[in-house]
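Contents: one structure, followed by commentary.
The values are calculated or read from the model by the stated rules, or taken from the named source; none is laboratory data. It should be emphasised that the depicted structure is a prediction, and the values quoted were computed from it without experimental measurement. A quick note on method: Cβ atoms are made from the backbone with ideal geometry, for glycine too, and the neighbour counts reach across all protein chains shown. Please note that ligands, DNA and RNA were not included when accessible areas were found on the heavy atoms of the full protein model with its side chains. Shrake-Rupley method; radii C 1.70, N 1.55, O 1.52, S 1.80 Å.
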Amino acid sequence: MKQTFPLFPEQASSIAPQVDALYFYLIAVSVFFSLLIAGAILYFAIKYRRRSESELPHGVEGSLKLEIAWSVIPLLISLTFFFWGASVFFAINRPPNDAIEVSVVGKQWMWKFQHADGQREINELHVPVGRAVRLSMASEDVIHSFYVPAFRLKRDVLPGRIATLWFEATKPGRYHLFCAEYCGTKHSGMIGWLEVMEPTAFQAWLAGGSGSESLASAGAKLFQQHACNTCHRPDSLARGPNLEGLYGNPVSLANGRKVVADESYIRESIVAPNAKLVAGFQPLMPTFQGLISEEGLLQLVAYVRSLSKVQPPAGGVPAPVRESSPEKEARE
Ligand code: CUA
């Protein structure tokens, strides 16, 4: 009976205890101040109540000491929220370099997964316990949100960009996966499971999968198929930028700005090549919007990543593509 009415989700990821500790701290501070304020209201209401019809209150003098105290103390308390929250935020947004790669595509109304080795799954994701897993997530249609309560992780998956998320599961088991963004009539049915397995069982599961090719080599194949290699080449005949060593590094654009070549930038450069034209190149590249599926785009991105030794830039923070303007740099 106890199991059928859980008050709090299980903690099953390395980040879950950190998120919960911060959450309980916020609750403790809120409860403390609610009681303090409610108690003070009651106490003062009784102590300073009007005792007769003719009673007139005294004037009240200000107190500088008191005013400084009730400004500075709450400021210090709120700053603990900020610094603690920021440290958890950075932990959530900095995937370790040795993370396993999984690509995720959300669509009405299912989650599609593809492992780095090529195995595909729908509404179910198998991962090993005790290993960091990094998700590159895209949407085929509308905004979805990837939510695993037991991992204390939720991230919106927006059409037109690639969101990243990482976790390390700490307990084998089966955990709910939800879509946490209303995405149409069957939003409530867009659910699934995260199956956390012992490493050996996971290896056996991987080996038992269909022997499809890895994400990066599927991407390499698409790269050939669409003849990308006729322009993106290292020699002097190149009409497009060389993609080797591109991922994770800054790129100078024709408009004088600079961007970091993250996953969303690479994806955008395929579907809208002229949105961020690289300095020194002509706007010759056609758009591949609609010609390559969202899964294909993730494979191409995995391929371009594989051409670069650089690991995910500090963060994979789901920020919009980081831009800096030349004026700003001149000032710095
Ligand atoms: Cu997808 Cu709600």
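Which one of Glu67, Glu140, Glu195 has the biggest mean-square fluctuation once the chain is modelled by GNM with Cα springs under 10 Å?
Glu67
Please state the relative contact order of the range 133-278 as a whole percent: Cα pairs under 8 Å, 6+ residues apart?
Normalised by residue count, the contact order of the range 133-278 is 16 percent.
In cubic angstrom, how much convex hull volume per residue do the alpha carbon atoms of the chain span?
Hull volume normalised by residue count: 232 Å³.
Normalise the Debye intensity by I(0) for the range 68-127, one equal point scatterer per Cα, no solvent, then take log10 at q = 0.19, 0.22, 0.27 Å⁻¹ and round to two decimals.
-0.80, -0.91, -1.03
Suppose only helical runs count, i.e. DSSP H with n ≥ 4. What mean residue ellipticity at 222 nm does that imply for the chain under -39500 (n - 2.57) per run, divided by all residues and rounded to the nearest 500 deg cm²/dmol?
Values: 7 runs with 111 residues, N = 332.
Calculated mean residue ellipticity at 222 nm is -11000 deg cm²/dmol.
Any chance you could give the angle, 0 to 90 degrees and rounded to 10, that helix 16-47 forms with the longest Cα principal axis of the chain?
For helix 16-47, the angle is close to 20 degrees.
Based on the Kirkwood radius over alpha-carbon pairs, what value in µm²/s does the Stokes-Einstein equation return for the translational diffusion coefficient of the range 1-160 at 20 °C and 1.002 mPa s? Kindly include the intermediate steps, with their values, before the conclusion.
Details: Rh = 20.9 Å.
This corresponds to a translational diffusion coefficient of 103 µm²/s.
Dipole of the chain (Lys/Arg Cβ +1, Asp/Glu Cβ -1, origin at the Cα centre): which of Ser30, Ile122, Ala40 lies farthest to the positive side?
Of Ser30, Ile122, Ala40, it is Ala40.
What angle, in degrees between 0 and 90 and rounded to the nearest 10, separates the Cα long axis of helix 64-93 from the longest principal axis of the Cα atoms of the chain?
20
Keeping every protein chain in place, order Glu263, Glu124 by accessible area at 1.4 Å, biggest value first, i.e. largest first. Each step should come with its number before you reach the end.
On the way: Glu263 10, Glu124 55 Å².
So, going from the largest accessible area down, we get Glu124, Glu263.
Please sort 91-99, 172-180, 55-63 by packing, taking for each peptide the average over its residues of neighbouring beta carbons within 10 angstrom, highest first. Don't skip to the end; give the middle numbers.
Details: 91-99: 15.3, 172-180: 17.9, 55-63: 6.2.
Top to bottom by mean Cβ count within 10 Å: 172-180, 91-99, 55-63.
Looking only at Cα atoms, what is the convex hull volume of the range 166-281 per residue, in Å³?
Values: hull volume 23.4 nm³, N = 116.
Roughly 202 Å³ of hull volume per residue.
Among Gln289, Ala86, Gln108, pick out the residue whose Cα is farthest towards the positive end of the charge dipole of the chain, where Lys and Arg carry +1 and Asp and Glu carry -1 on C-beta, about the Cα centre.
Projecting each Cα onto the dipole axis, the largest value belongs to Ala86.
For a label point 7 angstrom out from the Cα of Phe90 toward its Cβ, which stretches of the range 140-167 have the backbone nitrogen within less than 18 Å?
166
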